[in-house]
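Novice: Next up is a structure, given as structure tokens.
The values are calculated or read from the model by the stated rules, or taken from the named source; none is laboratory data. From a predicted model like this one, the values you see are computed outputs, not experimental measurements. Glycine gets a Cβ as well: all are built from the backbone with ideal geometry, and neighbour counts include every protein chain shown. Side chains are part of the model used for accessible areas, which takes the heavy atoms of the whole protein and leaves out ligands, DNA and RNA. Shrake-Rupley method; radii C 1.70, N 1.55, O 1.52, S 1.80 Å.
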Amino acid sequence: MTKPNDPVFSTEKKVTSEGVYDNQPKGLTKREYFAAMALQGILANEGTGNCDTVCRTAIYHADELIRQLNPRH
């Protein structure tokens, strides 16, 4: 199952100075990462355009990828 808000890269458990495990995800979510990769491809192949439209298209493709990676119920 691919969850949009899961971190792209796995987290490591680390012991803090208080002896507590810090396992909070850091960095980009999968949705953000997929959108960034889609945006990169769109800009490389289509050049520039209306920024709002290009960004919305990248997000659409990221969401669709996540949907298709998940098993259907």
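Novice: So for the pair Lys3, Thr29, with labels modelled 7 Å out along Cα→Cβ, what separation do we get in nm?
Specialist: 1.1
Novice: What's the local net charge at Met1, with K and R +1, D and E -1, over the other residues with C-beta under 13 Å away?
Specialist: With Lys, Arg at +1 and Asp, Glu at -1, the net is +3.
Novice: Under a 1.4 angstrom probe, counting protein chains only, how are Lys30, Lys3 ranked by accessible area, largest first?
Specialist: Greatest to least solvent exposure: Lys3, Lys30.
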